[in-house]
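Notes to accompany the following structure.
No value in this document is a laboratory result; all are computed from the given coordinates. This one's a predicted model, so the numbers in the text were calculated from it and none came from an experiment. Here Cβ is always computed from backbone atoms with ideal geometry, including for glycine, and neighbour counts include all displayed protein chains.
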Amino acid sequence: MAYPFVKGGTYRNRRGEYQVIELVGDKMLIRYADGTVQQSSASLQARILQNMQAEQRARTITARPAQTGRARVVAREYDFAGLQDSDFKRGVSGTSWRARGSLGGALAERLSALTQREFQSFAIYRRAEVHLAESAHSSQEEAIHEAKFFLELDSQQALYGFYIEKSDKPMDETWQWLTFVAALRDASLQRQIEAAMSRYDLQWRLLADWAVEPHTIVTLQDGDLVWQAADEAESRRITWREFAANLEAMEEDEWCNLYLCATLDKEEAIAQGVRLVEEVVEVYRALLPLYDASTERN
């Protein structure tokens, strides 16, 4: 594959200007102006260069015009040129990407434009996480009860997709967990989820009692769900009915954060630049049937 680099050439990425001092296949050794030498891949640096050039041509995200009788979506300019290395941490000090004037708002606008529905973003207090829900969800407190889309950063990666919570107390009709679990038994919805899992390499992640690491991961392998619990030595294949039954069997006093998500490593997420918006929203759209079934939207 041809790359736009030659040995001795000078180029620029998000860190700054650099010179290619070695180039063998996809491997390249680069030296920055401050003398720092770094090994990288030509394909990654080519994507970064391509994204930066695209950002110079247009800094706005164009939304589709609204259709008569549907949600009106207004395109606006966002202060988001891409994620930075300093954004990847569990805290939020010194970051702005979650804001409605930055990545959070750009995700909501793009999803709204593509679906002709009104989504809003909510930055989660003191967490490197943003949630998206239809605008009827007017506050973070209310949205806890309901299904939503999310994007979260940690020190190594970005995670994004569908998210729902189970309370550790008795749940009334405002909690959508029970609706969600019941919806998992629908064969048509199962096929749509499987298609999304296969196309975007999604996995279910169950975190209990506000844990940092998932206690169970469920993947799709050869058309079957595979359940791998942290406290079990062996993984096991399960049916959708068994998956729903496992969720129903959780203790009433056990909180659960449940995600169906894609992951993108830090370097790749940074390399995406503003194109990250499209990549993330594509997964959100693929999971709309699950969101709609969980919120009982007709």
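Some notes on this structure:
- Inter-probe distance in nm under a simple model that places probes 7 Å from Cα toward Cβ, at residue 185 and residue 37: 6.4 nm
- The listed peptides 283-295, 172-184, ordered by packing as a protection proxy, come out as 283-295, 172-184 (highest mean of other Cβ atoms within 10 Å first).
- Selection of trypsin sites (Lys or Arg not before Pro), region 123-201, meeting DSSP coil and at most 11 other Cβ within 10 Å: 126
- Positive-end residue of 245, 193, 105, charge dipole of the chain with Cβ unit charges: 105
- Across 15, 110, 241, mean-square fluctuation computed from a Gaussian network of the chain (C-alpha pairs under 10 Å connected) peaks at 15.
- Column: log10 I(q)/I(0), Debye, Cα scatterers of the chain, q = 0.12, 0.13 Å⁻¹: -0.86, -0.98
- Each residue, residue 232 and residue 10, gets one label point 7 Å from its Cα in the Cβ direction; the gap between the two is 5.9 nm.
- Of the GluC sites (Glu not before Pro) in region 194-298, the ones in a loop by DSSP (not H, G, I, E or B) with at most 15 other beta carbons within 10 Å are 232, 234, 251, 252, 254, 296.
- With 0.36 nm allotted per residue and the present C-alpha distance subtracted, the residue 168-residue 24 stretch has 46.3 nm of extension available.
- A simple spin-label model places the labels of residue 201 and residue 86 3.0 nm from each other, with each point 7 Å out along Cα-to-Cβ.
- Summing charges over all other residues whose Cβ lies under 12 Å from the Cβ of residue 95, with Lys and Arg as +1 and Asp and Glu as -1, gives +2.
- Gaussian network model of the chain, Cα within-10 Å springs - most flexible of 46, 128, 208: 46
- For region 10-57, alpha-carbon Rg relative to the globular expectation (2.2 N^0.38 Å, N residues): 1.11
- Centre separation in Å (Cα based) which lies between region 75-110 and region 180-241: 29 Å
- Normalised by the number of residues in the chain, the average gap of Cα pairs under 8 Å and 6 or more apart makes the relative contact order 17 percent.
- Based on Cα contacts under 8 Å between residues 6+ apart, region 10-57 shows a relative contact order of 27 percent.
- Within straight-line cross-link reach of residue 266, lysines at Cα separation under 30 Å, skipping those fewer than 8 residues along the same chain: 7, 27, 89, 148, 166
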